[in-house]
Amino acid sequence: MQPLLTVNNLSKYYGDLKACDRISFTLYPGQVLGIIGESGSGKSTLLDSIAGHVPFENGIVEYCDRDNNPIDLRTLPEPRRRKLMKTEWGFVRQNPRDGLRMTVTAGANIGERLLDVGERHYGNIRTEALEWLSEVEIPHGRIDDFPSTFSGGMQQRLQLARILVTRPRIVLMDEPTGGLDVSVQARLLDLMRSLVRTLHLSVILVTHDIGVVRLLAHRLMVMQNGQVVESGLTDQVLDDPHHPYTQQLVNATLIP
Amino acid sequence: MTSSSPGSPGSPAPPPIPEPGFNFAYLDEQTKRAIRRAILKGVAIPGHQIPFSSREMPMSYGWGTGGIQVTASVIGQDDTLKVIDQGADDTTNAVNIRRFFKKVCGVATTEKTEEATLIQTRHRIPEKPLKAGQVFVYQVPMPEPLYFIEPSRTEANKMHALEEYGPMYVKLYEDITKFGRISLAYDYPVMVNGRHLMNPSPIPRFDNPKMDMNPALQLFGAGREKRIYAIPPYTQVKSLDFEDHPFSVENWEHPCEFCGATDSYLDEVVIDDQGGRMWICSDTDYCEQRQREQSGSAQKLG
């Protein structure tokens, strides 16, 4: 099987600070890759570099698109990159206020990506929006409400619907469960797990919560000071951590 | 656009004498040239906003300084100027701008749409179709259609460059969701030549279809925002809509109470404090010509 995303020796510096130091990994279709590490370990920067939100100094990020063409994301022209981000990619932000348009209704939030790719039929957009609302377990009656009237968990689920509506193949998530209480987290994780399976999504999931990666991620990378210190199958890494930092991380968790 | 040097005497009807001490059309020749360059760029890329160094004019921003600068740089001695404000030739803004150009150019002015070679407008397109060879200048308060969606000019420029107009449709979606129809009544955004999203200045949506494939050259000047853009003759101009909510224009249950027109844009005028009101054509020239024709034919009949 061909990898969906290949990252080779990606380096990103902020002045003298190495935010990401020669990071390499491959992501296959349907796979969930977890990235854990403490604050400042470079995991969010890595995600932003891959998504093209920030430019990086060295390395190659190669993505294999729907038609099986390899695309070098670093040299991809801006219009094509933006198009790709709206059709085949998705980015879930920790704070739903950054990922949603708070001043337009839930329906319009879901419809935006469809409008971006040229859908011009109001009825179709409406139907699609309702479909995705049920998919993320938001009652249909809330379609014309503003996201600001939603609870934190609902906002996060709406963010998922907004992205998934164009059937992306790869979704990057930056702390999607951060700031939610435990029961809401559990529900969101459950939903994400089933969506990943039914839609055959590939996911890169950045978090500092070991419980989240244990539940969702197939593979795991542990980062410290901009470097990957350990990687492997999630269960393997968490049950038999080799690197001292990983051991510390696993031991520091209340319920591993 | 004809030569802007003062005209030679000897034409059959001597034109009004321009005020001494001013350059022809108030602006200096270099400025006019710079503005004409911006206009040419605008014509070359229909609907695309071209920045220009908007000058101080002898009136405040918001009174049509953009339109006046465009008019001043394209007007020639042999032009006939018409100025309308809300469709009327006799409102303050229209009268003042017409007087201004009479004073600094000494050009002929008219109130008849078909006689004018150059028309400056605020808020309307005349009911009488424009002809090839006419130049139609709009005063624009806000040239950027994406402003209320994307306040950053840099980002908006990028959206124009990449033709990312999805967010504009989000606004229309919201309208239909809230009101069951697109409720924009004026400054209704249009796609020009299938490429650029454009604000048509605050004309009512009623006038939007008149811009499409219009034989006249349409120029837009925004003085405060320092932007010029253009629609060349016979250019496709399409109002944004949804497939299942097509663009439509306003209509009235009443005809004009002065001339009986049923095909023109009507103003609602309150006539007393008892709730009395009447509907009359906003295009005064159109209304008067119709009234004159009717009284003429009535006399013939009598």
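The values are calculated or read from the model by the stated rules, or taken from the named source; none is laboratory data. A quick note: this is a predicted structure, and the numbers were derived from the prediction, not measured. Using ideal geometry, Cβ is built from the backbone for each residue, glycine included, and neighbour counts are taken over all protein chains shown. Heavy atoms of the whole protein, side chains included, go into the accessibility calculation; ligands, DNA and RNA do not. Shrake-Rupley method; radii C 1.70, N 1.55, O 1.52, S 1.80 Å.
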Excluding residues fewer than 8 places away in the same chain, name every one of the lysines whose C-alpha is closer than 30 Å to that of B:Lys238. A:Lys83, A:Lys86, B:Lys41, B:Lys82, B:Lys112, B:Lys128, B:Lys131, B:Lys158, B:Lys171, B:Lys178, B:Lys210, B:Lys226
Rank these residues by their accessible area, most exposed first, probe 1.4 Å: B:Lys171, B:Lys41. B:Lys41, B:Lys171
Theoretical ellipticity at 222 nm over chain B - DSSP helices of four or more residues, -39500 (n - 2.57) apiece, nearest 500: -9000 deg cm²/dmol
Under 25 °C and 0.890 mPa s, how fast does the stretch B:140-224 diffuse according to Stokes-Einstein, given a Kirkwood radius computed over C-alpha pairs? Answer in µm²/s, whole number. 177
Rounded to the nearest percent, how much of the accessible area of the protein assembly as shown (1.4 Å probe, protein heavy atoms only) is carbon and sulfur? 51
Using a Förster distance of 35 Å, the FRET efficiency for A:Ser24-B:Arg181 (Cβ separation, nearest 0.05): 0.05
Over what distance in Å are the Cα centres of the stretch A:128-196 and the stretch B:194-256 separated? 39
If you project the alpha carbons of the stretch A:100-167 onto their three principal axes, what span does each projection cover, largest first, in Å? 30, 22, 20
Go through B:Tyr229, B:Tyr186 and list them by solvent-accessible area, largest first, probe radius 1.4 Å. B:Tyr186, B:Tyr229
Tally Lys and Arg at +1 and Asp and Glu at -1 over the other residues with C-beta under 11 Å from the C-beta of B:Gly66: what net charge comes out? +4
Per the 1/(1 + (r/R0)^6) rule, R0 = 45 Å and r from the Cβ atoms of A:Thr6 and B:Lys158, FRET efficiency to 0.05 is 0.95
Over the Cα atoms of the protein assembly as shown, each weighted equally, I'd like the Debye log10 I(q)/I(0) at q = 0.05, 0.07, 0.08, 0.10 Å⁻¹, rounded to two decimals. -0.32, -0.57, -0.69, -0.90
How many percent of DSSP beta bridges within the stretch B:69-142 run antiparallel, rounded to 5? 10
Is there a simple number for the mean count of other chain Cβ atoms within 10 Å of the Cβ of residues in B:170-178, and what is it? 6
Suppose the chain between B:Trp252 and B:Lys238 were pulled fully straight at 0.36 nm per residue; how much longer would it get relative to their current alpha carbon spacing? 2.7 nm
In the A-B interface, the accessible area buried, summed over both sides, Å² (probe 1.4 Å): 1800
Whole number please: convex hull volume per residue, Cα atoms of the stretch A:117-250, in Å³. 131
Pick from B:Asp283, B:Asp89, B:Asp175: which is most flexible by mean-square fluctuation in a GNM of chain B where alpha carbon atoms under 10 Å apart are linked? B:Asp175
Per-residue ³J(HN,Hα) for the stretch A:160-170, Karplus 6.51 cos²θ - 1.76 cosθ + 1.60, θ = phi - 60°, Hz, x for Gly and Pro: 4, 4, 4, 7, 6, 4, 9, 6, x, 9, 9
For a label point 7 Å along the Cα-to-beta-carbon line of A:Gln236, residues of the stretch A:16-43 with backbone N under 17 Å: A:24-28, A:31-36
Highest GNM mean-square fluctuation among A:Ser41, A:Ser24, A:Ser49, for chain A with Cα springs under 10 Å, belongs to A:Ser24
When the scattering of the stretch B:48-103 is computed by the Debye formula from its Cα atoms alone, each counted once and equally, what is log10 I(q)/I(0) at q = 0.14, 0.15 Å⁻¹? -0.40, -0.46
Give me a single rounded figure for A:108-118: the average over its residues of other chain Cβ atoms within 10 Å of their Cβ. 4
Using the Kirkwood radius over Cα pairs, work out the Stokes-Einstein diffusion coefficient for the stretch B:251-302 at 37 °C and 0.692 mPa s, in µm²/s as a whole number. 277
Can you send over the solvent-accessible area of A:Leu130, 1.4 Å probe, protein chains only, in Å² to the nearest 10? 50
All alpha-carbon distances of the stretch B:1-250, grouped into 5 Å bins from 0, give the whole-percent distribution 1, 6, 14, 18, 19, 16, 11, 7, 4, 2, 1, 0, 0
By DSSP, what percent of the beta bridges with both residues in the stretch B:1-250 are antiparallel, rounded to the nearest 5? 50
Kindly give Rg over Rh for the stretch A:26-73, based on alpha-carbon atoms, with the Kirkwood expression for the hydrodynamic radius. 1.00
With label points set 7 Å from each Cα along the Cα-to-Cβ direction at A:Asn69 and B:Asp28, the distance between them in nm comes to 5.3
What shape does the stretch A:140-188 take by its C-alpha gyration tensor, where a ≥ b ≥ c are the square roots of the eigenvalues and a/c under 1.5 counts as rounded, a/b above b/c as prolate, and the rest as oblate? oblate
Per residue, in Å², the accessible surface of the protein assembly as shown once ligands and nucleic acids are set aside, probe 1.4 Å: 45
Ordering B:Phe24, B:Phe179 from largest to smallest accessible area (1.4 angstrom probe), what's the sequence? B:Phe179, B:Phe24
Hull volume per residue for the stretch B:206-270, using the convex hull of the C-alpha atoms, in Å³ is 172
In deg cm²/dmol, rounded to the nearest 500, the helical mean residue ellipticity at 222 nm of chain A, built from -39500 (n - 2.57) for every DSSP H run of length 4 or more, is -11500 deg cm²/dmol
Highest GNM mean-square fluctuation, chain A, Cα pairs closer than 10 Å: which of A:Thr105, A:Thr207, A:Thr127? A:Thr127
Which whole number in µm²/s is D for chain A by Stokes-Einstein, with the Kirkwood Rh taken over Cα pairs at 25 °C and 0.890 mPa s? 130
